[in-house]
Amino acid sequence: MNYYKSCTLCPRKCMVNRYQELGFCKLNNELRVALARPFFYEEPPISGTKGSGTIFFSGCNLKCIFCQNIQISKYNKGLKISIKRLAEIMLELQKKEVHNINLVTPTMYIPSIIKAIKKAKRNGLRIPIIYNSSGYENVNALKLLDGYIDIYLPDFKYYDNTLALKYSKCPNYLENAMLAIKEMYKQTGPCIFDKNGIIKKGVIIRHLVLPNHIDDSKKIINYLYNEYHDNIFLSIMNQYTPNKEVKNKDLKRNLSNSDYNEIIDYAVNIGIKNAFCQIDGTASESFIPDFNFEGVKKET
Ligand code: SF4
């Protein structure tokens, strides 16, 4: 089946033929990648000491007004590559001795990514593969990934769907994120780490705490703990930084330390043990890479 011919790869279900027209994400059927290199700013079990072999795909199926990566998410910056080249990129990253392959915003490219993973595995890819997404996923598309993905790293952005619509142009975010995480957990089971603390299998859920919306954060944390207890890990992030295009008054400032500490205290008080948190001063543009196509073109 050719999934690009009537695209339902994400919950928007645009049903467009991506060979001829564009849906909400404005991506056709071609693979586009903006950057592929070892990255050291992920959670410690992902970055480890050698980095995560991160592949940043172009485009996004959300339109978050506060996105830090607007060059790729809004302007779809990226180079067109073949499936064969994507498989080579995975192997080149493995050669650099990274701990894993980290597919960032892969949702719109699932069928091509599966073909590339198969090819790369036939040619010697053996490190774990991470699916790093917004959490706004169509479960039927996720099912195609069963057996190919070792670690899921989804965001859980909103509990309140009115916020999802207002900030990310995203209808029914909550229901879709809940179903997606359920499917992800079904595929991987609880987190497994090697003797050095590097994750081999499992689900880590990221939540970026937004200024002026900490009640929404508490609802997300509460839901995840009640549903999954200590079988998943949470990554509670304080690095919200308004980009230059943010006009909304609630989102025009960084998150305060006191708000972030309140969320961490909340998580600890309800019993969460498996969580990563960030230290003061991590809200910085240093997390945002330069999407300069490094590692995308074949080295000559
Ligand atoms: S990936 Fe999502 S947004 Fe893009 S065309 Fe398919 S259904 Fe629409």
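The values are calculated or read from the model by the stated rules, or taken from the named source; none is laboratory data. Predicted model, so just to flag it, every value in this text is computed and none were measured. We place every Cβ from the backbone using ideal geometry, glycine too, and count neighbours over all the protein chains shown.
Quick notes on this one:
- Count - residues of the stretch 172-188 that are among the aromatic types (Phe, Trp, Tyr) and over 18 Å from GLY202 (Cβ atoms): 1
- Whenever a residue of the stretch 201-213 is outside any strand (DSSP E or B), its partners that are among the small types (Gly, Ala, Ser), lying with C-beta atoms within less than 6 angstrom and at least six residues away or across chains, give the pairs VAL209/SER217.
- Filter pass, ASP259 being over 23 Å from ASN132 (Cα atoms), crowded, with 16+ Cβ neighbours inside 10 Å and without any contact (Cβ under 8 Å) to a residue 60 or more places away in the chain: yes
- ILE114 being hydrophobic (A, V, I, L, M, F, W, C), over 15 Å from the mean Cα position of the chain (by Cα), outside any loop (DSSP other than H, G, I, E, B) and within 20 Å of CYS25 (Cβ to Cβ): yes
Matching residues to (1) touching a Ser or Thr at 6+ places or on another chain (Cβ under 8 Å); (2) at pLDDT below 95; (3) under 30 Å from LEU165 (Cβ atoms); (4) not charged (D, E, K, R):
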{"site": "CYS10", "(1), (2), (3), (4)": "yes, no, yes, yes"}
{"site": "VAL33", "(1), (2), (3), (4)": "yes, no, yes, yes"}
{"site": "PRO38", "(1), (2), (3), (4)": "yes, no, no, yes"}
{"site": "GLY51", "(1), (2), (3), (4)": "no, no, no, yes"}
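- Near pairs, Cβ below 9 angstrom, 6+ apart or cross-chain, from the stretch 120-139 (touching a residue at least 40 places away in the same chain (Cβ under 8 Å) and in a loop (DSSP other than H, G, I, E, B)) to any residue that is of a type in the set (Asp, Glu) and surrounded by 15 or more Cβ atoms within 10 Å (Cβ to Cβ): ILE127/ASP150; PRO128/ASP150; SER134/ASP155; GLY135/ASP155; TYR136/ASP155; GLU137/GLU183
- Sole residue being more than 25 Å from SER235 (Cα to Cα), free of Cβ contacts under 8 Å to residues at least 60 places away in the same chain and buried (at least 16 other Cβ atoms within 10 Å of the Cβ), chosen from ILE89, ILE81, ILE114: ILE114
- If you filter the stretch 147-196 down to residues that are in a helix (DSSP H, G or I) and acidic (Asp, Glu), you find that the one that is nearest to TYR223 (Cα to Cα) is GLU175.
- Scanning the stretch 150-169 for residues that are crowded, with 19+ Cβ neighbours inside 10 Å, in contact (Cβ under 8 Å) with a residue 12 or more places away in the chain and either over 15 Å from the mean Cα position of the chain (by Cα) or closer than 27 Å to ILE114 by Cβ (or both) gives ASP150, ILE151, TYR152, LEU153, PRO154, ASP155, PHE156, LYS157, TYR159, TYR167, SER168.
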